[in-house]
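Asker: Here it is: the structure, laid out below.
The values are calculated or read from the model by the stated rules, or taken from the named source; none is laboratory data. As the structure is a computational prediction, the values presented were derived from the model and not from experiment. Glycine gets a Cβ as well: all are built from the backbone with ideal geometry, and neighbour counts include every protein chain shown. Please note that ligands, DNA and RNA were not included when accessible areas were found on the heavy atoms of the full protein model with its side chains. Shrake-Rupley method; radii C 1.70, N 1.55, O 1.52, S 1.80 Å.
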Amino acid sequence: MEKQIRTALISVYHKDGLEELLSALHSVGVKFISTGGTRSFIEQQGYECMAVETLTNYPSMLGGRVKTLHPAIFGGILARREQAEDRAELAKYRIPDIDLVIVDLYPFEDTVARGGSEEEIIEKIDIGGISLIRAAAKNFHDVLIVSSRNQYAGLIELINRNRGITTLAERKVYARRAFACSSAYDSAIFHYFDEGEQYAFRESFDQPKVLRYGENPHQRGQFFGNFEDYFDKLHGKEVSYNNLQDIDAGVKLISEFSAPTMAILKHNNACGCASRGTILEAWQAALAGDPVSAFGGVFVANTAIDMATAAEMDKLFFEVIVAPDYDNEALQLLTSKKNRIILVQKKPLHEAWQYRSMLGGVLVQQVDNRTEGAEDFRTVTNKKPTEDETDDMVFANKLVKHTKSNAITLVKDSQLLASGVGQTSRIDALRQAIEKARSFKFDLKGAVMASDAFFPFDDCVRTAAEAGISAIVQPGGSKKDQDSIDACNELGIAMVVTGNRHFKH
């Protein structure tokens, strides 16, 4: 069903981009209705514009809070053109048809982001604009709604192509975009009032990033979020579903460390991680932790990548590298592989809540932002850990927090020697870690162990002692804690508890 645009109601906060749009509309004979600053702008461009007040016989009132909220406006938008009763009522009350509505909402989110006062923020909750959007979108059979200045270019192209005639399919597309706009706006307002309490689940993102595929090639995938807020992509192919998961896991892990640190991620777990005096030394130690799994991995650093480090990395195939910066020579070398994804992390992630789809719904929890330091350790054994052991336990505990449960990490000299990842029993996780460390010829004598949850039996302590591990950090809290403590005392191992579990399923 084709409709000719004859009359447009325009009410926008931002005027940029409007001049070209007005020209396109005027060229096909569209008449304008507006109010306030928008009307003044239209007239300044040399076009006639009917004042909303002329239709409503009411002035803008209450400091501009009430302008378009009137039957003379909403009747012209909501009237069903094919229904005789609606046409008769429009004629009776002398209400003109409105075929196009262009709205740019008050900048609520921007006002919140810049730290506006509560009074400023409340005044940026758009009432008339959001009502116009919903009304026009509801009546898409007859009305075209443009709900954002980001849509101006598409509208201009549509007008020029069809001389102001729109199809039902085109109007429905714009209606869909309008409801996406209104839901996102309402979500932003809700989050302001919710004050981080997560009283209800309301999230809304526009324009998802379409991914090559999902976790597997036969699955479709999309990313809803603001990737560009956190990262600049300098080079390489488009990030994939699995890349995004590894990037997320990697930057969260690397944020735990202040010394130059390199982490190598595979399937959301660190297969290598080390802190050293320089990023080159950190890279060499991280790679030594598992040079096999590093192939095709995701590399994440908390320090700028220099040429020496880039030269060593370039010897290995990898998917993604994330760092706060790159030397010019390093960047030139790393970009020599066309598909290699190179990202600059612009700012840390600041998330209060995390979400997971579950049973047709959404599982919500606070982000695990707790990280234990040496001051949080409570020694429960006769033997106290040395200063070096304590430093390594802090390092190991950070790693185990970001490792899939059941998890064990083995660390020595601020280097991940091996992990036991995602096992169904803790003793299996420990055995996996020990076997892996030995396969890369690591000497576990004097290494420390971190567990993401308590030990229900003393078998892990005894197995660790046999491997040469000298200190253990774990949350504690088992009814049988004393069994493990007694085993440590018997075998000469130091044990500290943190009181905080770090499951990651």
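Asker: So, in segment 86-125, exactly how many residues are of a type outside the set (F, W, Y) and loosely packed, with under 15 Cβ neighbours inside 10 Å?
Answerer: Initial filter on segment 86-125 (of a type outside the set (F, W, Y)): 86-92, 94-105, 107, 109-125.
Next, from what is left, pick out any that are loosely packed, with under 15 Cβ neighbours inside 10 Å: 87-89, 91-92, 94, 110, 113-115, 117-120, 122.
Residues in segment 86-125 being of a type outside the set (F, W, Y) and loosely packed, with under 15 Cβ neighbours inside 10 Å: 15 in total.
Asker: Give the residue that is farthest from D459 (Cα to Cα), with candidates limited to residues of segment 480-498 that are assigned to a loop (DSSP other than H, G, I, E, B) and at pLDDT 95 or above. Break it down into steps so the answer makes sense when it comes.
Answerer: Step one: filter segment 480-498 for residues assigned to a loop (DSSP other than H, G, I, E, B), giving 480, 492-493, 498.
Then keep just the ones that are at pLDDT 95 or above; that gives 492-493, 498.
Details: G492: 15, I493: 14, T498: 20 Å.
My answer is T498.
Asker: Taking segment 98-125 as the region of interest, how many residues are part of a loop (DSSP other than H, G, I, E, B) and farther than 21 Å from S60 by Cα?
Answerer: If we filter segment 98-125 for residues that are part of a loop (DSSP other than H, G, I, E, B), which is where we start, we get 98-99, 105-107, 114-117, 124-125.
Subsequent filtering for residues that are farther than 21 Å from S60 by Cα retains 99, 114-117.
Residues meeting the conditions: 5.
Asker: Answer yes if at least one residue in segment 162-171 is crowded, with 20+ Cβ neighbours inside 10 Å, out of contact with any helix residue (DSSP H, G or I) (no Cβ under 8 Å at 6 or more places or on another chain), touching a residue at least 60 places away in the same chain (Cβ under 8 Å) and of a type in the set (K, R), and no otherwise. Please lay out each step first, then the result.
Answerer: Looking only at segment 162-171, we keep the residues that are crowded, with 20+ Cβ neighbours inside 10 Å, and these are 164, 166, 171.
Adding the requirement that they be out of contact with any helix residue (DSSP H, G or I) (no Cβ under 8 Å at 6 or more places or on another chain) leaves 171.
Still in the running and touching a residue at least 60 places away in the same chain (Cβ under 8 Å): 171.
Narrowing further to those that are of a type in the set (K, R): 171.
So far as segment 162-171 goes, yes, one or more of its residues are crowded, with 20+ Cβ neighbours inside 10 Å, out of contact with any helix residue (DSSP H, G or I) (no Cβ under 8 Å at 6 or more places or on another chain), touching a residue at least 60 places away in the same chain (Cβ under 8 Å) and of a type in the set (K, R).
Asker: May I ask you to verify whether D246 is buried (at least 17 other Cβ atoms within 10 Å of the Cβ), closer than 27 Å to E203 by Cα and not assigned by the TED database to the domain that holds S439? Before you say what the answer is, go through the steps one by one.
Answerer: Numbers: buried (at least 17 other Cβ atoms within 10 Å of the Cβ): yes; closer than 27 Å to E203 by Cα: yes; not assigned by the TED database to the domain that holds S439: yes.
So D246 passes the test.
Asker: If we only count strands (runs of 3 or more DSSP E) wholly inside segment 299-396, which ones have 1 or more residues that are at negative phi, more than 22 Å from the chain's Cα centre (by Cα) and among the hydrophobic types (A, V, I, L, M, F, W, C)? Break it down into steps so the answer makes sense when it comes.
Answerer: Numbers: elements: 318-323, 341-345, 353-358, 361-366.
Output list reads 318-323.
Asker: Here is a further query. Kindly evaluate S336 against the criterion of being open to solvent by 50 Å² or more (accessible area, probe 1.4 Å), polar (S, T, N, Q) and either outside the structural domain of D232 (by the TED database) or free of Cβ contacts under 8 Å to residues at least 40 places away in the same chain (or both). First the steps, then the outcome.
Answerer: Working: open to solvent by 50 Å² or more (accessible area, probe 1.4 Å): yes; polar (S, T, N, Q): yes; either outside the structural domain of D232 (by the TED database) or free of Cβ contacts under 8 Å to residues at least 40 places away in the same chain (or both): yes.
When the stated conditions are applied, S336 passes them.
Asker: Does segment 356-375 contain any residue that is more than 24 Å from A301 (Cα to Cα), modelled with pLDDT of 95 or more and open to solvent by 30 Å² or more (accessible area, probe 1.4 Å)?
Answerer: Of segment 356-375, the ones more than 24 Å from A301 (Cα to Cα) are 356-366, 375.
If we keep only those that are modelled with pLDDT of 95 or more too, we end up with 375.
Next, only the ones that are open to solvent by 30 Å² or more (accessible area, probe 1.4 Å) stay: 375.
Within segment 356-375 (the criterion being more than 24 Å from A301 (Cα to Cα), modelled with pLDDT of 95 or more and open to solvent by 30 Å² or more (accessible area, probe 1.4 Å)), the answer is yes, since at least one residue qualifies.
Asker: Anything in segment 193-229 that is surrounded by fewer than 16 Cβ atoms within 10 Å (Cβ to Cβ), farther than 18 Å from V362 by Cα and among the aliphatic types (A, V, I, L, M)? List them, or say none.
Answerer: V210
Asker: For the condition on the phi < 0 side of the Ramachandran plot and of a type in the set (D, E, K, R), what is the one hit in E203, E195? Lay out the reasoning, then the answer.
Answerer: Details: E195 fails: on the phi < 0 side of the Ramachandran plot.
Going through E203, E195 in turn, the sole match is E203.
Asker: Determine if segment 249-272 includes at least one residue that is assigned to a loop (DSSP other than H, G, I, E, B) and either in contact with a Cys (Cβ under 9 Å, 6 or more places away or on another chain) or closer than 30 Å to A178 by Cβ (or both).
Answerer: So in segment 249-272, the residues assigned to a loop (DSSP other than H, G, I, E, B) come out as 255-260, 267-268.
Still in the list and also either in contact with a Cys (Cβ under 9 Å, 6 or more places away or on another chain) or closer than 30 Å to A178 by Cβ (or both): 257.
Yes, there is a match, as at least one residue in segment 249-272 is assigned to a loop (DSSP other than H, G, I, E, B) and either in contact with a Cys (Cβ under 9 Å, 6 or more places away or on another chain) or closer than 30 Å to A178 by Cβ (or both).
Asker: So, one more: Quick one: count up the residues across segment 126-144 that are part of a loop (DSSP other than H, G, I, E, B) and either open to solvent by less than 20 Å² (accessible area, probe 1.4 Å) or under 20 Å from F190 (Cα atoms) (or both). Before you say what the answer is, go through the steps one by one.
Answerer: Applying the first criterion (part of a loop (DSSP other than H, G, I, E, B)) to segment 126-144 yields 126-127, 139-143.
Next, only the ones that are either open to solvent by less than 20 Å² (accessible area, probe 1.4 Å) or under 20 Å from F190 (Cα atoms) (or both) stay: 126-127, 139, 142-143.
So the answer is 5.
Asker: Another question about this same structure. F190 - would you say it is open to solvent by less than 80 Å² (accessible area, probe 1.4 Å), free of Cβ contacts under 8 Å to residues at least 60 places away in the same chain and over 22 Å from K347 (Cα atoms)?
Answerer: Details: open to solvent by less than 80 Å² (accessible area, probe 1.4 Å): yes; free of Cβ contacts under 8 Å to residues at least 60 places away in the same chain: yes; over 22 Å from K347 (Cα atoms): yes.
It is true that F190 is open to solvent by less than 80 Å² (accessible area, probe 1.4 Å), free of Cβ contacts under 8 Å to residues at least 60 places away in the same chain and over 22 Å from K347 (Cα atoms).
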